[in-house]
Each structure stands twice: as structure tokens, then as C-alpha cells.
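Quick one: structure below, then a few questions.
Values in this text are rule-based calculations from the coordinates and carry no lab data. The structure presented is a predicted model; accordingly, all values stated were derived computationally and were not measured. Heads up, the Cβs are rebuilt from the backbone with ideal geometry, glycines too, and the neighbour counts pull from every protein chain shown.
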Amino acid sequence: MDTIRLGYVGCGFMAQKVHLPNFSSLPGCKVVALAEVREDLGRRVQKRFEIETCYRHHLDMAENSEIDAFAVSAHFAAQGEIAGDLLCTGRPVFMEKPMAVSVIQAEAILDAAKTPGARLMLGYMKRYDAGNELVKATLDQFRSSGEAGPIVYARAHGFCGDWICGLDTPMETSDEPMPEAATIRPAWLPDAYAGPYISYLQQYAHNVNLLRFFLDAGDRVRVRTVDLDEDGYTGIVSFDMDGVRGVLESGRLDHHRWDEHTQVYFQNGWVKTWAPPLLHKNLPAEVEIYRGGDEHSYTRPIPRDRWSWAYHREAEHFIACVRNGDPFRSSGEDTLTDVRLFEDIYRIFLEQQGVL
């Protein structure tokens, strides 16, 4: 396929500000169809991006056999159901994280991905950040050579801040009501904690996923301790990540920039990355490498793709893999681990609160 014909579901903030502009800008991709339940909004976005066809429902779009692949961004619970429907057509699907809000939902989506021809990629854009790629290559080098000794600790810190950072991409609006959100959640989760759980999951799935990626931990991860405040959001969670103690530090910060970094400590050094605000275009993560031992040095290498945006690079990756058949770096199968871990975290938290 010289050009991948893409069908997109959703016309919300992430669709208009991030994914539709990125996919539409790729030379090997053409967005040919759009699905949006808010008819007026769908028509407005269709016109702005010069998309051939607009559907009221993703199932109608799924019947179009000329579409090569799909992409989805919708409500956190609903988008997994939509992705599952599209996977059943036997075509690749890109979707925003989180893949699912429960293990049961995730497993159903992965069952749909077993349809011949179907594959699922999750929008964990941090894995495609040029700075994080440099970190991953350095970590692999240190682990292979043994020059810095063994890994002794890893931490992800996310107090965040202003993630939009003035992004001025035009956005269409409509007076039409938002579609009713799906009520899917883990069966054991009380109604009162559904909102806090989804908020924590959708914010920090990125950080846990990135730590697993850096450490090559795969599914060999378990929750060790949970120490969250009553808000179910602020605090510390520790993991055993394939034998390495990993820590997630979470909280909120009212700040004009962005407070998120990830660090992997070796016996004689570390590799650290500072994340840019999510919607800051053309700015990859900053990297620091400390080498200890007999001589000490700090380096701040700049990635080769030094002016780049992780969201754009993940779109490039999806289209390239659809074309050439290569595996996705952030597959649905891998993401099941994140869903399991967040269920475990919140179950432990609610047991500590005396709710379960």
C-alpha cells in the first residue's frame, strides 16, 4: 500500500488538536473517513480537514471496505468498545490510552484483535519521544556492557501542570450534547470511586508504561506497596519490575510549566529524562547521563531528531507498521499489563480505606 487510507472516530479535543492534524500531515497517509455522533460537529471537522466521508456511527464507517486502518479517540471507557468493534473487521487500529478501564474489558478487546488482519496499537506517545528513545538506547547499552553496574532503583515522578501550553491549533465546536459516557468499570469498584480511579488511570498509565519500557519488564511486574492520600491520586506506589524496585510519585501542581521526570539508577550512574509538556510541539524529552566509578561525568546528549513531537512520531510509527507489517512498539497485548496493575493499585488502596 503506497498510501494508507485511514478512518478516524471522534472529533473531540485530542482528535482536533493532535491526531487529525498529525495523521493528515503524513505523506503516506490519507484520512478518508470520519465518524462522529454529533452530526453538526462532524460536518465542521470534515470540512476543516477535507475528509471525503463523514458517518454518524463508527459501525457504519466500519462497513467501508476501502479503509485500510482506523484510529479512535473518545471517552476513556467508550473508546475501547469502539476499537473492539473496528478490530473485528480485521484491520489495524490505533487508539488513545488507556486501552480499557478493566482487565475484563481489555481481554475482550484483545480477543477482537485476534481477528485475522487485526492489530492494535496504543497511543503511548512517550515511547516514541526522541529523547526517550535515546534514554532507552543508553539503558540497553549500560545493561549490556555492565559498565555502570546493575540497576538498583527506578522512579517516575509526575506532578504535571499545564499540559496544553498554549497550543493554538483551531478547534471546531458545536452546541450538540456530548454523547453519554459508558459506565464500564471493574465490577468490584464502588460507584463513588469510579471517577477518581479513571482519573488516576488515565494520567499515570503513561508513567508506568514508560518505566516498563525502559526496564524491559514486560508483564513481569507486580505492585509492592500503595501509599495514596484519601483523594486516591496523590502519593507513592512501588513496584517490583522484573526484580527492580520502581516507584511512581503522583500528585497535582498548579504551575505554568510541567513537572514530570523519569530516572533509572545504576550502581555507578544514572539515566534521567525530563518530559516536555504534552502538547508542546517539536520539543523532545531532555536527557542527562551520569557516569560514576573512577571518573565522574555528566552529559546532556541531544537526540538526533532534536526538533520533534512525540505525538507526530507515534502517528508515523503506526502508519509505517501498517504498511510494512512490523510489530507496534506499544501493542495492545503489552498494554494489558498496565490495566492489570492499575486495578491492583486501586484494589489495595480501597482495602486500606476499609471500602473493600
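Using modelled backbone amide H atoms (1.01 Å from N, in-plane), which distant-in-sequence or interchain residues come within less than 5 Å of D162's amide H?
H255, R257
Turning to a different aspect of this structure: Please give the net charge around N209, taking every other residue with its beta carbon less than 14 angstrom from that of N209, where Lys and Arg add +1 and Asp and Glu add -1. Present the calculation step by step, with values, prior to reporting the outcome.
Numbers: positive: K97, K126, R127, K136, R212, R329, R340; negative: E96, D129, D216, D219, E260, E314, E333, D334, D338.
Neighbour charge sum, excluding N209 itself: -2.
Right, here's the next one. Using only alpha carbon pairs under 8 Å that are at least six residues apart, calculate the relative contact order of the chain and give it in whole percent. Intermediate results must be reported in sequence, preceding the final value.
On the way: 725 pairs, mean separation 73.7, N = 356.
Relative contact order for the chain comes out at 21 percent.
Using θ = phi - 60° and the Karplus relation 6.51 cos²θ - 1.76 cosθ + 1.60, list the HN-Hα couplings for segment 230-245 in order, rounded to whole Hz, with x at every Gly or Pro.
Each residue of segment 230-245 in turn: 4, 6, x, 9, 8, x, 9, 10, 10, 10, 9, 10, 6, x, 9, 6 Hz.
Dipole of the chain, Cα-centred, from +1 at each Lys and Arg C-beta and -1 at each Asp and Glu C-beta, to the nearest 20 debye? Provide the component values of the computation, followed by the final result.
Details: 37 positive and 52 negative charges, 153 e Å.
Dipole magnitude for the chain comes out near 740 debye.
Report the calculated FRET efficiency for E295 and T53 (r = Cβ-Cβ distance, R0 = 41 Å), to the nearest 0.05. The partial results should precede the final answer.
On the way: r = 62 Å, r/R0 = 1.52.
E(calc), rounded to 0.05, equals 0.05.
Using a Gaussian network model on the chain with a 10 Å cutoff between Cα atoms, which of G42, G123, G218 fluctuates the most?
Answer for the Gaussian network model of the chain: G218.
Let me ask something else about it. Are there any trypsin sites (Lys or Arg not before Pro) in segment 19-69 that are in a DSSP loop and have at most 13 other Cβ atoms within 10 Å? List them by number. Show your work: numbers first, answer last.
Values: sites: K30, R38, R43, R44, K47, R48, R56; in loops: R38, R56.
Those that pass, being in a loop and sparsely packed, are R56.
Something else about it: Using the charge dipole of the chain (Lys, Arg: +1 at Cβ; Asp, Glu: -1 at Cβ; taken about the Cα centre), state which of L278, H58, A182 has its Cα farthest towards the positive end.
Projecting each Cα onto the dipole axis, the largest value belongs to L278.
How large is the dipole of segment 136-224 about the Cα centre if only Lys and Arg carry +1 and Asp and Glu carry -1, each at its Cβ, rounded to the nearest 20 debye?
860
Turning to a different aspect of this structure: Along Cα→Cβ, 7 Å out, is where each label goes; now give me the distance between the ones at D40 and L356 in nm to one decimal.
That separation, rounded to one decimal, is 4.4 nm.
Let me ask something additional. For q values of 0.12, 0.14 Å⁻¹, compute log₁₀ I(q)/I(0) with the Debye formula on a Cα-only model of the chain, without solvent.
The calculated log intensity ratios at q = 0.12, 0.14 Å⁻¹ are -0.91, -1.23.
Please compute the modelled spin-label separation between I104 and Q267, points set 7 Å along Cα→Cβ, answer in nm with one decimal.
The modelled label-to-label distance comes out at 4.7 nm.
Give the residues of segment 330-349 whose amide nitrogen is closer than 20 Å to a point set 7 Å from the Cα of A192 in the direction of its Cβ.
345-349
Let me know the charge dipole size of segment 19-116 about its Cα centre in debye, to the nearest 20, where only the beta-carbon of Lys, Arg (+1) and Asp, Glu (-1) is charged.
Details: 10 positive and 14 negative charges, 66 e Å.
Dipole size: approximately 320 debye.
Simple spin-label model, 7 Å along Cα-to-Cβ: S65 to S144 in nm?
4.6
Between T3 and E176, what's the calculated FRET efficiency when r is the beta-carbon distance and R0 is 30 Å? Round to 0.05.
Working: r = 32 Å, r/R0 = 1.07.
Computed FRET efficiency for T3 and E176: 0.40.
Kindly provide the helix-only [θ] at 222 nm of the chain, computed as the sum of -39,500 (n - 2.57) over DSSP H runs of four or more divided by all residues, to the nearest 500 deg cm²/dmol? Walk me through the numbers before you get to the answer.
Working: 9 runs with 116 residues, N = 356.
It lands at -10500 deg cm²/dmol.
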